[in-house]
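Student: Here it is: the structure, laid out below.
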Amino acid sequence: MQPDFSLMDVNPASATFNQLVSPRDYLGKTSAWYFGYSTWSYCSRQFGELDKLHDELEAEYPALDFPIIGINKFGIGNSSSNIDISSGRDLPWLQDIDDNGNGTSDVWSDLWQVTYRDVVVLNDDNSIAEVFNLSQYNLGVDTAKDGHEL
């Protein structure tokens, strides 16, 4: 089971806006957690692709209920761009913090040891099912079975 945390959802269009969100909120469901920088355009595009994917899954498989949550890294200037990365998207976008005062993101660095653009998929018991990085797997590019762009 991954270490728990609670972070504020800062996306005004999200159903959990201004609420603390935790992996424990999704026990009993498979969930995906995207770690991005709100100030980086590539991270923002990937979050947009995840938002589209989520909408497609909801339309095609409404009973699936597969939550996707984004988490912005703590850092100078990062929180000021939260409105930009969440604009036009309704997925929760959480702001990581440095509550322990060590100068690093509590969830990113101290608890989950992720890197930017990691997507951590948790099983229904909050254990890791898969981790993949969107730096290597650009969701905005269609690829054929042989890995070549379409």
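Student: Which residues, counting only those in the range 85-105, are open to solvent by 10 Å² or more (accessible area, probe 1.4 Å) and either over 15 Å from the mean Cα position of the chain (by Cα) or of a type outside the set (D, E, K, R) (or both)?
Tutor: Within the range 85-105, Ser87, Gly88, Pro92, Gln95, Ile97, Asp98, Asp99, Asn100, Gly101, Asn102, Gly103, Thr104 meet the criteria.
Student: Kindly establish whether Asp65 is touching a Lys or Arg at 6+ places or on another chain (Cβ under 7 Å) and open to solvent by less than 10 Å² (accessible area, probe 1.4 Å).
Tutor: So Asp65 fails the test.
Student: Out of (1) farther than 25 Å from Ile97 by Cβ; (2) over 12 Å from the mean Cα position of the chain (by Cα), the odd one out for Glu49 is which?
Tutor: Among (1) farther than 25 Å from Ile97 by Cβ; (2) over 12 Å from the mean Cα position of the chain (by Cα), the lone unmet condition for Glu49 is (2).
Student: Examine the range 109-127 for a residue that is in contact with a strand residue (DSSP E or B) (Cβ under 8 Å, 6 or more places away or on another chain), of a type in the set (A, V, I, L, M, F, W, C), open to solvent by 20 Å² or more (accessible area, probe 1.4 Å) and within 13 Å of Leu7 (Cβ to Cβ), and state whether such a residue exists.
Tutor: no
Student: A follow-up question, please. Looking at the range 1-45, which of the residues that are in a helix (DSSP H, G or I) and at pLDDT 95 or above is nearest to Asp124 (Cα to Cα)?
Tutor: Tyr26
The values are calculated or read from the model by the stated rules, or taken from the named source; none is laboratory data. Keep in mind that this is a model prediction, so the values were computed, not measured. Note that we place each Cβ from the backbone using ideal geometry, even for glycine, and neighbour counts take in every protein chain shown. Side chains are part of the model used for accessible areas, which takes the heavy atoms of the whole protein and leaves out ligands, DNA and RNA. Shrake-Rupley method; radii C 1.70, N 1.55, O 1.52, S 1.80 Å.
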